[in-house]
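Below is one structure; the comments refer to it alone.
The values are calculated or read from the model by the stated rules, or taken from the named source; none is laboratory data. None of the values given here were measured: they were computed from a predicted structure. Glycine gets a Cβ as well: all are built from the backbone with ideal geometry, and neighbour counts include every protein chain shown.
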Ligand SMILES: [Zn+2]
């Protein structure tokens, strides 16, 4: 008898085999899903137009030598002094996130951050620079396409996943999200916003 049903020895063997197979599937399915997720690849988007505060064209370079666990960008000048955005592992994120990173990094060039002394890690000044860069990226996405708001929402979802995986508390994501949501409602263009930042910094 198995579960109150009369079974032959052959039936019992069949049922036991089924139970064992089910247990194996239950244990292994999440791993397979994780592996698939981890291996998911996306096409890399075309970089946006980006000019820094001195009118120099910013170049975007896909950094293929260093594999990052998450998509990331870095705005800086190269050894020859040219303004660059280095893109790391963009293939690991959907287009909305890639776009957001590109424009966020471009904003560090547009506001002159790249040529100013690097503020200490997690200092109020650094937080301010990051909030400004997020805001400019948000305004550009909002105003450059028809479905700007949807792209920003997609990017926020990805940002939340990435920040969680990197161990940031939810409060960090929430303050970033609230800044981005406030920027979305601002009655200014990215250009005017950048102009005001440069004016405040006496860089224009
Ligand atoms: Zn930044």
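Observations, loosely collected:
For (1) under 17 Å from residue 97 (Cβ atoms); (2) buried (at least 18 other Cβ atoms within 10 Å of the Cβ), each residue gets a yes or a no:
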| position | (1), (2) |
| --- | --- |
| 123 | no, no |
| 128 | no, no |
| 138 | yes, yes |
| 143 | no, no |
| 160 | yes, no |
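- Candidates 70, 82, filtered to the one that is surrounded by fewer than 18 Cβ atoms within 10 Å (Cβ to Cβ) and at pLDDT below 95: 70
- Flag for residue 119 being over 27 Å from residue 45 (Cβ atoms) and in contact with a helix residue (DSSP H, G or I) (Cβ under 6 Å, 6 or more places away or on another chain): yes
- Selection count where residues are under 18 Å from the mean Cα position of the chain (by Cα) and modelled with pLDDT under 95, scope segment 98-126: 0
- Filter pass, residue 133 being farther than 19 Å from residue 161 by Cβ, crowded, with 21+ Cβ neighbours inside 10 Å and not assigned by TED's automatic domain parsing to the domain that holds residue 167: no
- Enumeration of residues in segment 72-91 that are within 15 Å of the ligand (Cβ to nearest atom) and either touching a residue at least 40 places away in the same chain (Cβ under 8 Å) or more than 19 Å from the chain's Cα centre (by Cα) (or both): 83, 87
- The combined condition, being in contact with a helix residue (DSSP H, G or I) (Cβ under 9 Å, 6 or more places away or on another chain), within 14 Å of the ligand (Cβ to nearest atom) and closer than 23 Å to residue 161 by Cβ, is not fulfilled by residue 96.
- Output for segment 68-92, where each listed residue is more than 28 Å from residue 192 (Cβ to Cβ) and touching a helix residue (DSSP H, G or I) at 6+ places or on another chain (Cβ under 6 Å): 70, 71, 90
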